[in-house]
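Working notes, beginning with the structure itself.
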Amino acid sequence: MTAPLTPTGVLLDKPLEPGSPEWLQRMSASKIAAVVGLSPYESRYSLWMRMAGLAPQPVQTKAMSRGHYLEPAIAAWFADQHPESRIVETGTWAHAEDPRLVASPDRLKIDPDGNVEAVQCKSAGDLESYGDPLTDDIPVGYRAQVQWEMLVTGLRRCHVAVILPFLEFRPFVVDFDEAEAAYLIGEARQFLGSLEANVPPDLDGHKATYEAVRQLHPDIADERVDTPAELAVAYVEAVEACRRAEAAKREASARLVDHMGSAKAAYFGGQCIARRQAKGGGVPFLVPAKNVDLSEMRSEAA
């Protein structure tokens, strides 16, 4: 008889507090997506600056508050779907061989045979963030997070329970992937090594990187600096390209809205490319769809 799969990680005496000195020294599931460039909220550079203590911790966003308040309800729904199992709260776990690597699953699912699996509770503000449960289609940043939680705890399956707009619940299952885990742990250790060596990552185009750099220089001195030609030209060219792109987007949006008339959604080749929506009874506006496969569209149009 096969022994039940139970955690191999080490449960810490108390959960880590975000922003605490101990938290700053460890790599957690909430950070790993930024390390590998998959987070829409944090960049590798901005995370490095925060963990180095050179940038403030982020303020609580509406999305973060939403997730905090909805987590118990999502967990209760998930428990109702699995009456044969115990769904229990847990704390912060450390990797058995490298205590710098930590994770805090939202819940653990304990089956009658003693087998343990992780549970993550998520909420989404739109219908397109998560795909078909049959394909386990969750955002890539969250996939990195749950792979990290399994890597740290030693568990081999994570259930992702999601509440979508209009109070729709949706379950997903993600199994442990050795190749993904090896990539994540390699990147995490390189990142932690760069902190110890005080070598920050390169600057990049992520919004969080720009915000982190702004925070490094909060004062304005009555001075001027001479700018290298390469940097000056790159900046002005980027600004001009952005202006042209914005104008092209406005024109394309106007043409698409005119084509749609009163329709709610626009499709091409089976893909939704945009939706019309309104707030508070106002005039409808156009919202681009997420995760559109442009290469497939071009192939369809050829």
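The values are calculated or read from the model by the stated rules, or taken from the named source; none is laboratory data. Remember, predicted model here, so these are calculated numbers, not experimental data. So basically every Cβ, Gly included, is an ideal-geometry build from the backbone, and we count neighbours across all protein chains shown.
A few comments on the model shown:
- Qualifying positions in the range 41-71 - surrounded by 13 or more Cβ atoms within 10 Å (Cβ to Cβ), within 16 Å of the chain's Cα centre (by Cα) and not in a helix (DSSP H, G or I): Tyr41, Glu42, Ser43, Pro58
- Among (1) modelled with pLDDT under 95; (2) closer than 19 Å to Ala118 by Cβ, the one test that Trp77 misses: (1)
- Residues that are surrounded by 10 or more Cβ atoms within 10 Å (Cβ to Cβ) and part of a helix (DSSP H, G or I), drawn from the range 252-268: Ala252, Ser253, Ala254, Arg255, Leu256, Val257, Met260
- Residue list for the range 93-129, restricted to those being surrounded by fewer than 16 Cβ atoms within 10 Å (Cβ to Cβ) and under 19 Å from Ile32 (Cα atoms): Ala96, Glu97, Asp98, Pro99, Arg100
- Breaking point among (1) closer than 15 Å to Trp77 by Cβ; (2) in contact with a strand residue (DSSP E or B) (Cβ under 7 Å, 6 or more places away or on another chain), for Leu167: (2)
- Matching residues, the range 9-30, being farther than 18 Å from Asp106 by Cβ, part of a loop (DSSP other than H, G, I, E, B) and either without any contact (Cβ under 8 Å) to a residue 12 or more places away in the chain or outside the structural domain of Arg50 (by TED's automatic domain parsing) (or both): Asp13, Ser20
- Flag not set for Ala247, criterion: out of contact with any helix residue (DSSP H, G or I) (no Cβ under 6 Å at 6 or more places or on another chain), over 30 Å from Pro200 (Cβ atoms) and modelled with pLDDT under 95.
- Filter result (closer than 15 Å to Ile74 by Cβ and buried (at least 17 other Cβ atoms within 10 Å of the Cβ)) within the range 171-197: Phe172
- Flag for Glu117 being among the acidic types (Asp, Glu), within 17 Å of Val174 (Cα to Cα) and modelled with pLDDT of 95 or more: yes
- Some residue of the range 157-171 being over 19 Å from the mean Cα position of the chain (by Cα), under 27 Å from Ala212 (Cβ atoms) and in the same structural domain as Ile32 (by TED's automatic domain parsing): no
- Filter result (farther than 23 Å from Pro18 by Cα and in contact (Cβ under 8 Å) with a residue 60 or more places away in the chain) within the range 74-116: Trp77, Phe78, Gln81, Asp111, Asp113, Gly114, Asn115, Val116
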